[in-house]
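Below is one structure, written out as structure tokens; comments come after it.
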């Protein structure tokens, strides 16, 4: 006779592991409930389902999730988005409309395409733009080979998004077409705080910029209502030879939201990609930003701003995989952290032997506005090539007392002085955004946040 | 200029102050009247710069005793921004760089803070632009300085001219220039001094802190004070500067130590 005795801690561990397994299975179940009739889409979804089933729900014992505790999400049971979709008026989404892109916008409500809110009449005919169902036929065929094909598609949350793939924002900029009008992809979540069910929302974006094309893109996540939801978004961008994409990503989800987002970008020879990523919403957010170089002499510029207060957790995990010579990457990520908030930055840059003459620079700067604010920063450069220029740096600091005094000595209130300095810190990133109205909105947002700081501090 | 029966702008009595528990000011006494220009000279570490920062209200300095009356009110009871709005201006020895804040915005916010304090309406961007362009001429600055970040990438001379531009805009009752001449070439020095002289009038007063007699050829003081060990040990007219230039500080220090006037 043998007796199996497990220690209490072991059994606690296994119970927690079971709980996570059940949660992931439930997520998968909820995700797969979103409808599809297309056979090829079903095949894609089935494949992703297997990928999810092979994995476990991440914990802080996983190196990649060491500083980002998902237990708050684990305690939030999720359901599929209710059908039919909540109907919103144009007035209701007015605060999110960008004047520069009011006739070049696609709007999705709770992950579902909202045709009555969308308008693309300012865009040239040549552009293929729409959602999965409207772009059936040949236009859709042109995009199909790209969907869910980025490296890293197996990652558990990315695969989860694919398991429920039924709608997506699609943009194809044909060969040689350069569009000045920015394209606004707006994803609105409508979660009221009285709703008993927490929705799993899985926005999806696919952008293909063909050879010698150019486009400016704004990917924007916002909320109407302050309820809880889980936004699990995936954006895939393919940039062909000598094409350029200027991408601004704004994550202003509701205060109780969870947000896990993926941006995967493949860059062909002599292509140029700029990402301005603004993260300021959600109680817990994570942005995976992955750049894959597929040809030489690519240019990559990553600007990021994370703005956190209260008990927010905001994580940015970026990875730049260089595989060819003469690549240039510039990364600047800034975090402004107030109250008890917690920011995480992990920036990987891979420079293997094949990526000779790479010029890579990375800088992470963090401004802590309270004694309880926290940041974990981890630059991670893996360099094998021997003829490269790679720099990285991380700084953590507070507002300089001397700078505050300088402004005070000119008659400026201490609170206004702090606000001005916080704004100045953020400005370096906000100023990179190509759309003036969005720059203004974000600048105001930063200023409002630092006014919150005034109330707290004085 | 010394004006009979003019108002006392600043009255400092037995002022003592510490930095990190170390006494730096050990009984400063100074009276400044409207219209006057005072120069404070003295060896390094004698308390000149500390004195200017204490008057402006720098939080790193703790006042441990004495009183400062500025235009009839207790200056030490005021926050730094309140001191500025009521008419104290400190031109910094090392003006700070503030990347991300345009010089124009900074100047407008500062100007409007003062207007608000005076119960006047704030000036909008358009009117302010006109006003500031007038003031630029005082320090011979190009309008392109306005769109740049505050002091960022400015040369030493440009930073000091920017300080005087702020002074021209804020029209203080008492301007304290903390080693504004340090590190300036002769052209920049002339511009800075010329600006200060244009701004000097019978209603305000200026305290110039300097190491060098050179500045005092351009900004001619009514009084020169010599500091040592945290207090003023000698006060004289403008001719004292020449004597200090020739003989150094030692004779003043010795005279003060023995109590003998030379």
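The values are calculated or read from the model by the stated rules, or taken from the named source; none is laboratory data. From a predicted model like this one, the values you see are computed outputs, not experimental measurements. Ideal geometry is used to build each Cβ from the backbone, glycine not excepted, and the neighbour counts take in all protein chains shown.
Can you tell me which residues in region B:109-131 are within 14 Å of chain A (Cβ to nearest Cβ) and part of a helix (DSSP H, G or I)?
Across region B:109-131, the qualifying residues are B:109, B:110, B:111, B:112, B:113, B:114, B:115, B:116, B:117.
Applying the selection to region B:132-152, what residues are surrounded by 14 or more Cβ atoms within 10 Å (Cβ to Cβ), assigned to a helix (DSSP H, G or I) and without any contact (Cβ under 8 Å) to a residue 60 or more places away in the chain?
Matches in region B:132-152: B:132, B:135, B:136, B:139, B:145, B:146.
Scan region A:81-104 for residues that are in contact with a helix residue (DSSP H, G or I) (Cβ under 8 Å, 6 or more places away or on another chain) and farther than 20 Å from residue A:228 by Cα and jot them down.
A:90, A:98, A:99, A:100
Of the residues A:172, A:132, which is over 24 Å from residue A:257 (Cα atoms), buried (at least 16 other Cβ atoms within 10 Å of the Cβ) and at pLDDT below 95?
A:132
Restricting to region A:241-255, name every residue that is surrounded by fewer than 21 Cβ atoms within 10 Å (Cβ to Cβ) and either over 17 Å from residue A:97 (Cα atoms) or not assigned by TED's automatic domain parsing to the domain that holds residue A:97 (or both).
Answer for region A:241-255, where residues must be surrounded by fewer than 21 Cβ atoms within 10 Å (Cβ to Cβ) and either over 17 Å from residue A:97 (Cα atoms) or not assigned by TED's automatic domain parsing to the domain that holds residue A:97 (or both): A:241, A:242, A:244, A:246, A:255.
So which of A:368, A:399, A:363, A:442 ends up being within 14 Å of chain B (Cβ to nearest Cβ) and modelled with pLDDT of 95 or more?
A:363
Suppose we filter A:376, A:386 for residues that are more than 14 Å from chain B (Cβ to nearest Cβ), touching a residue at least 12 places away in the same chain (Cβ under 8 Å) and within 27 Å of residue A:274 (Cβ to Cβ); which single one remains?
Testing whether each residue is more than 14 Å from chain B (Cβ to nearest Cβ), touching a residue at least 12 places away in the same chain (Cβ under 8 Å) and within 27 Å of residue A:274 (Cβ to Cβ) leaves just A:376.
Tell me which residues, restricted to region B:45-98, are over 24 Å from residue B:20 (Cα atoms) and in a helix (DSSP H, G or I).
B:82, B:84, B:85
Given the conditions (1) surrounded by 16 or more Cβ atoms within 10 Å (Cβ to Cβ); (2) more than 10 Å from chain A (Cβ to nearest Cβ), report the number of the one that residue B:57 does not fulfil.
(2)
Of the residues in region A:395-417, how many are in contact with a helix residue (DSSP H, G or I) (Cβ under 7 Å, 6 or more places away or on another chain) and farther than 21 Å from residue B:89 by Cβ?
2
When the residues of region A:418-428 are narrowed to those that are touching a helix residue (DSSP H, G or I) at 6+ places or on another chain (Cβ under 8 Å) and within 8 Å of another protein chain (Cβ to nearest Cβ), which ends up farthest from residue B:167 (Cα to Cα)?
Among residues in region A:418-428 that are touching a helix residue (DSSP H, G or I) at 6+ places or on another chain (Cβ under 8 Å) and within 8 Å of another protein chain (Cβ to nearest Cβ), the one farthest from residue B:167 (Cα to Cα) is A:426.
If we only count strands (runs of 3 or more DSSP E) wholly inside region A:329-427, which ones have 2 or more residues that are within 30 Å of residue B:83 (Cα to Cα)?
A:359-368
State yes or no: is residue A:126 free of Cβ contacts under 8 Å to residues at least 24 places away in the same chain, surrounded by fewer than 21 Cβ atoms within 10 Å (Cβ to Cβ) and over 22 Å from the mean Cα position of the chain (by Cα)?
no
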